Amino acid sequence: MNYEISRKRMVQDQIAARGVSDRRVIDAMLKIPRHIFVQEAFAAQAYSDTALPIGEKQTISQPYMVALMTELLGLTGTEKVLEIGTGSGYQTAILATLADRVCTAERIRPLAMRARKCLDSIGLFNVKLRINDSDDSPVGWEEEAPFDAIMVTAGAPDVPQVLTDQLAVGGRLVIPVGNESEQRLLRIVKDADGTLLTEASVGCRFVPLIGRQGWQIERT
């Protein structure tokens with residue numbers, strides 16, 4: 001399978017055709033080998049217009065959603081970005097290509113370890129990864145704050161204040177908010193006086209954000 005041709009078709013048919021126009025985002029989507037971030041059995045489907053399972057009951061978002069969320073952050077290359085939910089590491093890779101530094105947190109250790117290997121394999125060493133797999137894991141990343149941009153890659157019941165507190169003035173937060181089965185993508189900008197300006201984007205479906213800033217789960 002020619003993955004380069006598949007990437008070009010993905011960008012043309014799924015991303016540019018749906019209105020994503022940020023040239024830097026498009027170039028990053030053309031550059032990053034999405035197929036290495038999915039399970040081997042799904043490599044042939046890596047560039048299809050769908051979310052795919054990555055194990056541990058988690059998914060890699062469809063390419064269009066990755067591109068759209070990234071475009072909404074408006075990255076220029078100088079930013080320090082926080083990502084909540086590393087998952088496969090694919091969205092992390094796109095962010096790391098477009099920003100100066102990325103701090104990413106993942107609660108599922110096997111996913112985090114696999115994502116780290118994938119990121120290292122393509123030379124993305126500007127990513128700091130933390131595993132938040134305990135009940136007392138910190139929310140956000142206070143010691144690295146403030147952040148110029150924050151992306152949450154799981155659906156939350158509301159916008160966590162701890163994340164808006166860690167957002168720099170002029171910073172952008174992109175997060176899916178809603179119930180556990182359906183959300184609306186929100187873009188939040190922190191104004192000079194600390195006011196939060198919220199814009200609603202598309203409807204979406206993400207796995208639930210688990211923890212103190214999201215949904216609670218029963219421990220067994």
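Derivation of every value follows stated rules applied to the coordinates shown; laboratory data play no part. It should be emphasised that the depicted structure is a prediction, and the values quoted were computed from it without experimental measurement. Methodologically, a virtual Cβ is constructed for each residue, glycine included, from the backbone with ideal geometry; neighbour enumeration extends over all protein chains shown.
What ³J(HN,Hα) values, in whole Hz, does the Karplus curve 6.51 cos²θ - 1.76 cosθ + 1.60 give for region 70-84 when θ = phi - 60°, with x put for Gly and Pro?
For region 70-84, the Karplus curve yields 5, 4, 5, 6, x, 6, 10, x, 9, 7, 9, 10, 9, 10, 9 Hz.
In debye, nearest 20: dipole of region 77-213 around its Cα centre with unit charges on the Cβ of K, R (+) and D, E (-)?
For this selection, approximately 520 debye.
Consider a paramagnetic label point 7 Å from the Cα of residue 210 along Cα→Cβ; state which residues of region 62-103 have an amide N under 18 Å from it.
Those under the cut-off are 84-89.
Would you please state which residues of region 57-92 a label at residue 24 would reach in this model, taking the label point 7 Å out along Cα→Cβ and a backbone N cut-off of under 13 Å?
Only 70-81 pass the distance filter.
Using 10 Å bins from zero, what percent of all Cα-Cα pairs in region 102-220 falls into each bin?
13, 40, 38, 10, 0
In the chain, with Lys and Arg counted as +1 and Asp and Glu as -1 at Cβ, which of these residues, 112, 28, 149, has the Cα nearest the positive end of the dipole, that is, farthest along it?
28
Based on DSSP, what percent of beta bridges with both residues in region 146-220 are antiparallel, to the nearest 5?
DSSP beta bridges in region 146-220 are roughly 65 percent antiparallel.
Assuming R0 = 35 Å, can you tell me the calculated FRET efficiency for the pair residue 12 and residue 134, based on Cβ-Cβ distance, to the nearest 0.05? Walk me through the numbers on the way to the answer.
On the way: r = 43 Å, r/R0 = 1.24.
About 0.20, to the nearest 0.05.
Long-range amide H contacts for residue 54: which residues qualify at under 5 Å (H placed 1.01 Å from N, peptide plane, sequence gap of 5 or more or a different chain)?
59, 60
Please list 59-72, 157-170 highest first by mean number of surrounding beta-carbon atoms within 10 Å per residue.
59-72, 157-170
Roughly how many whole Å is it from the C-alpha centroid of region 150-198 to that of region 68-100?
Cα centroid of region 150-198 versus Cα centroid of region 68-100: 15 Å apart.
Take residue 144 and residue 179, extend 7 Å from each Cα along the Cα→Cβ direction, and tell me the distance between the two endpoints in nm.
Those two pseudo-labels are separated by 3.4 nm.
What is the Cα centroid distance between region 106-125 and region 1-27, reported in whole angstrom?
When both Cα centres are located, 24 Å separates them.
Summarise the long-distance tail of P(r) for region 50-147 by giving the % of C-alpha pairs beyond 15 Å.
On the way: 2863 of 4753 pairs.
Of all Cα-Cα pairs in region 50-147, 60 percent lie more than 15 Å apart.
For residue 31, give me every one of the lysines with a C-alpha distance below 26 angstrom, ignoring sequence neighbours fewer than eight places off in its own chain.
Straight-distance partners of residue 31: 8, 80, 117, 128.
Just want the answer: with Cβ charges of +1 for Lys and Arg and -1 for Asp and Glu, which residue in 2, 91, 70 is farthest toward the dipole's positive end in region 1-107?
2
Given only helices, namely DSSP H runs of n ≥ 4 each adding -39500 (n - 2.57), what is the per-residue ellipticity at 222 nm of the chain, to the nearest 500 deg cm²/dmol? Could the numbers behind the result be given before it?
Values: 6 runs with 55 residues, N = 220.
Rounded to the nearest 500, it is -7000 deg cm²/dmol.
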